[in-house]
Amino acid sequence: MRQKTLLLTGASRGIGHATVLRFHNEGWRVITCSRQPHPAECPWGGGAEDHVQLDLGDPADTINAVGLIQERIDGKLDALVNNAGISPKAEDGGRLNTLNTDLADWGRVFHVNFFAPVVLARGLKDELAAAKGSVVNVTSIAGSRVHPFAGAAYATSKAALAALTREMAHDFGPLGVRVNAIAPGEVETAILSPGTDKIVEKLPMQRLGQPSEVADAIYYLCSDQSSYISGAEIEVNGAQHV
């Protein structure tokens, strides 16, 4: 059988890192994208030949990367996971709101969190259609409510990405491509904002989510088990949203 291929942005840590491992363990080929070169110490995947170095905050760089990606796949792309996201902080590490976020920061956040998924999905639509593939956009609980740590630019970009997911599901559906989103809540990664423990105390499940649990949800939406699910946004947050 043909080996399935995943294209993943934001693979270097946290949810992205766990997603690489999840798909690799299922026998998929994983092509990663990030600003940094492929780390030599990475213990899995195809190594540097399956890594595309690009700055998703640069529209021209993202557009040019589509051709590089097309050269590395066999004409079929089974899944595109738009996981990369940035959320700038104030100099003291605090939250940037609508009053103090620099306009340049708004632009860069939206280029990475919103426009890059559009560019990649549109540029690779033929390869996704050929595989009857799936797109998964990683949104956030911050996209539906004000969050104490996530900045205004990040939150609004994730809300826009959720709306984009619905639009893409409508537009890509006739091509045989499903488009969904997952909205993680508080997930245990290497960098947690001070005060996260106070949020966890109020969660119905009273614990942080694990990156592997989010990766499991992503894999489900890329697998045949979700073959009639499209246009959905799945909350992965231990009932934080209720």
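The values are calculated or read from the model by the stated rules, or taken from the named source; none is laboratory data. The structure displayed is predicted, hence computed values, not measured ones. Note that we place each Cβ from the backbone using ideal geometry, even for glycine, and neighbour counts take in every protein chain shown. Protein only, heavy atoms only, side chains kept; ligands, DNA and RNA dropped before computing areas. Shrake-Rupley method; radii C 1.70, N 1.55, O 1.52, S 1.80 Å.
In the full protein assembly as shown, how much of residue 158 is accessible to a 1.4 Å probe, in Å² to the nearest 10?
Residue 158 has an accessible surface of roughly 10 Å² with all protein chains in place.
Over the chain, what is the relative contact order in percent, taking alpha-carbon pairs closer than 8 angstrom and at least six residues apart?
Once divided by the residue count of the chain, the mean separation gives 20 percent.
Ranked by accessible surface with a 1.4 Å probe, highest first, in what order do 122, 207 come?
Highest to lowest solvent-accessible surface, that is 122, 207.
Roughly how many nanometres apart are two label points built 7 Å out from the Cα toward the Cβ at residue 103 and residue 171?
2.7
Can you tell me the dipole magnitude for the stretch 158-223 around its Cα centre, using point charges on the Cβ only (Lys, Arg +1; Asp, Glu -1), in Debye to the nearest 20?
140
Using helices alone, I'd like the mean residue ellipticity at 222 nm for the chain: each DSSP H run of four-plus residues gives -39500 (n - 2.57), total over residue count, nearest 500.
Theoretical 222 nm ellipticity from helices: -11000 deg cm²/dmol.
Can you say what percent of the DSSP beta bridges in the stretch 14-173, counting only those with both residues inside, are antiparallel? Round to 5.
In the stretch 14-173, approximately 10 percent of DSSP beta bridges are antiparallel ones.
Any idea what the relative contact order of the stretch 100-181 is, in percent, if you count C-alpha pairs under 8 Å spaced at least 6 apart?
Relative contact order comes out at 36 percent.
What is the dipole size for the chain, taken about its Cα centre, with +1 at each Lys and Arg Cβ and -1 at each Asp and Glu Cβ, in debye to the nearest 20?
Magnitude of the dipole: close to 380 debye.
Could you check the simple spin-label distance between residue 197 and residue 145, using points 7 Å along Cα→Cβ, in nm with one decimal?
Spacing of the two 7 Å Cα→Cβ label points: 2.2 nm.
Between the stretch 82-125 and the stretch 195-229, what is the C-alpha centre distance in whole Å?
If you average the Cα positions of each part, the centres end up 22 Å apart.
Assuming R0 = 35 Å, what is the FRET efficiency of residue 74 and residue 242, from their Cβ-Cβ distance, to the nearest 0.05?
Once the sixth-power term is evaluated, E becomes 0.20.
State the answer as a single residue: which of 73, 93, 147 lies farthest towards the positive end of the charge dipole of the chain, with beta carbon charges of +1 for Lys and Arg and -1 for Asp and Glu, about the Cα centre.
147
Please name whichever of 230, 119, 199 sits farthest to the positive end of the charge dipole of the chain, dipole taken about the Cα centre and charges placed at Cβ: Lys and Arg +1, Asp and Glu -1.
It is 230.
Just read off the accessible area of residue 170 with the full protein assembly in place, 1.4 Å probe, to the nearest 10 Å².
Approximately 140 Å² for this residue.
At a 1.4 Å probe, what is the % contribution of carbon and sulfur to the accessible area of the stretch 105-227?
Result for the stretch 105-227: 56 percent of the exposed heavy-atom area is carbon or sulfur.
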